[in-house]
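Have a look at the structure below before the remarks.
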Amino acid sequence: MKALLLSGGKGTRLRPFTLTTPKPLLPIANIPLITWQFEFLRHYGITEIIVGVGYKPESFKKTVEKIAGKMKIKTHLSIENTPLGTGGGFRNAYPFFKEETEPFVVLNGDVIGDFNLNQIIAFHREKGADITIGLTKINNPSSYGLIITDSNMGVKKFIEKPKTEEIVCDTINAGLYIFTPEIFSEIPAGKNISIEKEVFPALLKNGKKIYGVIHNGYWVDVGTVAKYKQTNFDALEGKTGIYSIRGQGDNFLAGDNSVLKEDVQIKGRVIIGNNCVVGNGCVLEESIIMNNTIIRDRVVIKNSVVGTDVAIENDSVIDNMILADKSLVRPFTQPMRD
Ligand code: GDD
Ligand code: MG
């Protein structure tokens with residue numbers, strides 16, 4: 001079985017980090033997000049993965065092949081020259097699936113979840129479905145796609161980013177789909193089209209059999225900086241189910257070649273990337289520091305996410321900040337106090 005990752009979005013809610021690095025390549029516990037997805041798919045025996053990209057494809061070219069080589073999986077990039085949306089991105093990957101007769105997996109490029117893929121595929125076959133969608137239950141579905149099902153888990157309605165008055169259930173599209181190859185012929189080629197807002201409702205109207213399977217385990221859409229921070233800590237603490245390639249209840253992780261000088265205090269959960277230096281007497285608390293960052297002496301970093309190639313000079317206090325890649329913070333920078 002093959003899989004397609006929809007990894008072409010601009011990741012606007014994860015700016016400033018996605019201005020330089022596409023969301024799927026941002027580190028989660030020092031491992032690119034896409035590696036966690038490869039690991040999930042490989043766990044279920046999927047070793048040929050198509051990555052649908054459009055935003056910064058050159059970054060994917062460099063990184064994906066390297067990761068795939070190490071993991072002994074085969075990858076192809078399906079490149080969109082203009083943004084095609086989730087539906088257009090899916091259609092664009094058709095050349096990689098044109099020989100397929102079996103169902104295949106499609107996964108949003110920003111989702112980490114320990115889905116029971118075997119169970120979802122078995123359900124798909126049992127129902128003779130055209131499409132089966134992984135669903136998850138969430139407290140506030142307003143930033144996701146609400147999916148209403150009947151008692152047999154047949155999809156009745158899609159409401160993408162529902163308004164408060166439209167929220168009539170708590171099951172959302174978890175960004176994992178099983179598709180039958182015939183679906184490609186239902187989508188126009190070369191057009192910007194949304195799978196959630198346009199393709200799914202149209203297919204439902206045309207009588208296609210679309211089902212949902214509720215996933216009860218770990219699930220996250222790494223869509224915002226707050227979610228990014230939380231996912232990193234979940235990964236560190238080993239909460240992400242079968243993705244626990246890192247973290248077994250730890251509260252601290254430092255990447256390769258990173259150095260902590262004297263009297264550094266670590267409070268709460270802290271992740272430091274590769275090639276970082278943390279100076280004497282620094283205090284790091286509930287924060288993530290990405291690769292190649294230099295922190296001079298007596299710096300306090302609290303509740304913050306610090307990008308790559310950042311320099312923070314001595315005696316600065318970074319509190320509740322999102323610091324862009326390549327930031328330079330001069331000595332004694334600090335929040336205003338009375
Ligand atoms: N190839 C390609 N081309 N991929 C794209 C494009 C594109 O033009 N636009 C977005 N994507 C990818 C993104 O990179 C991301 O991995 C995925 O498609 C979903 O896009 P998001 O922008 O993250 O959508 P969302 O989080 O607001 O909503 C989607 O995901 C939710 C679950 O995580 C929808 O599918 C919702 O219905 C769903 O609940
Ligand atoms: Mg998303």
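Structure values in brief
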| read-out | value |
| --- | --- |
| Any chance T21 is more than 16 Å from the chain's Cα centre (by Cα) and away from ligand 1 (no atom under 11 Å from the Cβ) | no |
| Boolean, G128 is open to solvent by less than 10 Å² (accessible area, probe 1.4 Å) and of a type outside the set (K, R) | no |
| Members of segment 1-10 found to be assigned to a loop (DSSP other than H, G, I, E, B) and near ligand 1 (Cβ under 7 Å from one of its atoms), listed by number | S7, G8, G9 |
| Of all residues in segment 178-223 being touching a residue at least 12 places away in the same chain (Cβ under 8 Å) and of a type in the set (K, R), the one that is farthest from G87 (Cα to Cα) | K209 |
| Residue in segment 26-39 that is over 20 Å from H124 (Cβ atoms), open to solvent by 10 Å² or more (accessible area, probe 1.4 Å) and assigned to a loop (DSSP other than H, G, I, E, B) present | yes |
| Which listed residue is among the aliphatic types (A, V, I, L, M) and open to solvent by less than 40 Å² (accessible area, probe 1.4 Å), from I178, I167 | I178 |
| Which listed residue, of I159, I138, is within 16 Å of ligand 2 (Cβ to nearest atom) and in contact with a strand residue (DSSP E or B) (Cβ under 9 Å, 6 or more places away or on another chain) | I138 |
| Of all residues in segment 56-69 being in contact with a helix residue (DSSP H, G or I) (Cβ under 8 Å, 6 or more places away or on another chain) and not β-branched (V, I, T), the one that is most open to solvent (accessible area, probe 1.4 Å) | S59 |
| Residue check for K74: among the basic types (K, R) and free of Cβ contacts under 8 Å to residues at least 24 places away in the same chain | no |
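The values are calculated or read from the model by the stated rules, or taken from the named source; none is laboratory data. For clarity, every value in this text was computed on a predicted model and none was experimentally measured. All Cβ positions, even for glycine, are placed from backbone atoms using ideal geometry, and neighbour counts span all protein chains on display. The accessibility values were calculated without ligands, DNA or RNA, using every heavy atom of the protein model including side chains. Shrake-Rupley method; radii C 1.70, N 1.55, O 1.52, S 1.80 Å.
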